Amino acid sequence: MSLKEALKLADRIVFEKTGQHLDDLQAAVLKGTLERETYKHIAKDFDCSESSVRKVGAELWEILSEELGEDVSKSNLSSAIERLQVSLFSSNVAQDSVQIRNINYCGEARHPPEQRNSHPPNQETSNSKQSKTLHQDLSEMPELGNFFDRTHELQTLTTWILQQNCRLITLTGISGIGKTSLAVQLVQQIKHEFEYAVWCTLDEFPTIDKFQSNLIQLFSQSENPDSSPTNQKRLPLIKYLQNHRCLVVLDDVHNLFCSGEFAGKYKPEYEEYRSLFKQIEKLSHQSCFLLIGWEPPKEVPQLTSENTPIRTLQLTGLDTAAARKILRDKGLTEIDNCETLIHRYQGNPLWLKSVATLIQELGIGVADLLIDDTILLPEDLKDVLDEQFDRTSELEKQVLSLLAKENQPVNLAKLLQNGQISSSDLLNALQSLSRRCLIEKQGSLYTLSPVLKQYIKGL
Ligand SMILES: Nc1ncnc2c1ncn2[C@@H]1O[C@H](COP(=O)(O)OP(=O)(O)O)[C@@H](O)[C@H]1O
Ligand SMILES: [Mg+2]
C-alpha cells in the first residue's frame, strides 16, 4: 500500500468520524509516522513544537483506534492501516468488516453531485454508502438467466481475487460449460469491492493502443489523465491499475489467438497483448484481470502455485443436482435415466439445453435415446463443436482422431504405436488439447468425452 493510499484511507476515517478532513499538521504527523520519523523530526519539518505534534498524534491514534476497533499507536499505525485495507478488500462475509464498511470509503461526500452525474449512461456510478465501486462499465456484460450452483468455483475465484490479491486469472473451458455465466455471477457478487469494474466482450479485439486508451479514459474520469512521461517499458495502463483497484474482465480471449496452431499463440496483430498480460502479472498493483476463453495465452501455466499472483481455473460440468435443474427449466421433468443423460453430456449446460430442446421437439423419451451408447448430436451442438475443432492444429486433429478410435483411455506409448507422430509432437499436441479442455487426463491416460468421440467419428 503506497503512502498516498494510506493517507487517503486515514483521511476518510477521520472525515467519517469528525466531519473534517485532515488538516496540514495532522497530515504531516501521519506522513511522518508512516515514514518512521520521530515526533521531534516531524515537529522540525513542520516548524512547530514537539508537544503540538505529540498532542495531534495522540488525538489521531484515538480516532483511529475507535474506528478500527484495535489499539492504534505511533508504533503500529502502518500495520493497522494495512490490516484495514485487507479487511476492506476481503470477503464481505467477514463479520468485522461490516462495521468498517460503514466508513464512507467511496468518499461520496467529496464528489459534488454534478461530477457524479457526468458519466455516460452506460457507466454506473454507485451511490451506495456500503459500496466502494465508483465506476462500472458493465454494458457488455450479458444478462444472467437462471443460475445454479457453482458455489465451489465462486468461492475459489473470490478467494483468489479478494484475499490472495491475484492479478491475472484465466478461466477456461469448452464452449457452453458456463464460463461467462460464472464470471457474470462473480462480478455481481464482488464488484463493490472495486473502484472500477469493467467487462469487455470482444469478437474482434482492438489494437493494444486502442484497448489501453479505452480503459484509461474510464479510469481517469475521477482524476486528470496522466500526461507525465512513463517508463518506456511500462505500459501506460499499469499506472491506473496501481492507483485504483480495478476489476477487468475480458471475455472470449481466444479471439486473440491464431487458428490452426497450438492453443494460445497470439495472432501477429495482437502480439502486444502478451506484454500487457506479462506486466499485469509481474508488476505490483492492486487490480485484477480475469481472462475468459476456450484457450489460455500460451505463456500462462495451467498449474500455478499459491506464491504467484496468477491462477488458472479450468471449468468442468455442473453436478447432477444443478444439471437436473437445467433440464427441469427446459421442461423435462420426471424423466427416467436423468443421471445417465447428464453424465453423457458431462453436465455441460449448453449441451444439455440443446439435447433437451431436441427431445421435446421430437417428442421422444430419454429412454429411447439411451438404449445403446449412441450419442445424439443436435445440429446446434455440432456447430458449437465445429468452431472449436476448426481452431486446432493439424497435429491436434491427428491426435483427436487417434483417441476417437480407442474404447478405453490410453497412455503415451499406445498413442505413439498407433500414429506416425514423433514423441515431442505428440506431447505438444496433448498439452495444447488439454489446455483447450478437448481431452481428459486420467493419471497418465488420455481419453475423449463421449460427445467429442461421437463428433470426431462423424467427421
Ligand atoms: N450455473 C449455471 N446455471 C444455469 N445455467 C447455466 C449455468 N452455467 C451456464 N448456464 C447456461 O448454459 C449456457 C452456456 O453458458 P455460458 O456461460 O455462455 O458458457 P460459456 O461461456 O462457457 O460458453 C447458457 O445458456 C447459460 O445460461
Ligand atoms: Mg462465453
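Here are some notes:
- Meets criteria (away from ligand 1 (no atom under 14 Å from the Cβ) and charged (D, E, K, R)) for Arg324: no
- Hey, Ser181 surrounded by fewer than 21 Cβ atoms within 10 Å (Cβ to Cβ), in a loop (DSSP other than H, G, I, E, B), within 15 Å of ligand 2 (Cβ to nearest atom) and among the polar types (S, T, N, Q) or not: no
- Those residues of region 419-430 which are surrounded by fewer than 15 Cβ atoms within 10 Å (Cβ to Cβ) and in a helix (DSSP H, G or I), in sequence order: Ser423, Ser424, Leu427
- Test for Leu237: is it in the same structural domain as Thr308 (by TED's automatic domain parsing) and not in a helix (DSSP H, G or I): no
- Within region 1-34, if we keep just the residues that are in a loop (DSSP other than H, G, I, E, B) and within 34 Å of the chain's Cα centre (by Cα), the residue that is surrounded by the most Cβ atoms within 10 Å (Cβ to Cβ) turns out to be Met1.
- Some residue of region 61-78 being part of a helix (DSSP H, G or I), more than 28 Å from Asn243 (Cα to Cα), out of contact with any Ser or Thr (no Cβ under 6 Å at 6 or more places or on another chain) and not assigned by TED's automatic domain parsing to the domain that holds Glu193: yes
- When residues in region 160-186 are screened for being within 16 Å of ligand 1 (Cβ to nearest atom) and among the aromatic types (Phe, Trp, Tyr), 0 of them pass.
- Thr308 being surrounded by fewer than 21 Cβ atoms within 10 Å (Cβ to Cβ), away from ligand 1 (no atom under 16 Å from the Cβ) and over 26 Å from the mean Cα position of the chain (by Cα): no
- Residue check for Tyr266: of a type in the set (Phe, Trp, Tyr), crowded, with 18+ Cβ neighbours inside 10 Å and over 29 Å from Glu440 (Cβ atoms): no
- Number of the exception - Gly293 against (1) over 16 Å from the mean Cα position of the chain (by Cα); (2) assigned by TED's automatic domain parsing to the domain that holds Ser175: (1)
- Check on Leu315, in contact with a strand residue (DSSP E or B) (Cβ under 8 Å, 6 or more places away or on another chain), within 11 Å of ligand 1 (Cβ to nearest atom) and not small (Gly, Ala, Ser): yes
- Matching residues, region 399-418, being surrounded by 17 or more Cβ atoms within 10 Å (Cβ to Cβ) and within 27 Å of Lys267 (Cβ to Cβ): Val399, Leu400
The values are calculated or read from the model by the stated rules, or taken from the named source; none is laboratory data. Just so it is clear, the structure is predicted and the values come from calculations on it, not from any experiment. Every residue, glycine among them, receives a Cβ derived from its backbone with ideal geometry; neighbour counts consider all protein chains shown.
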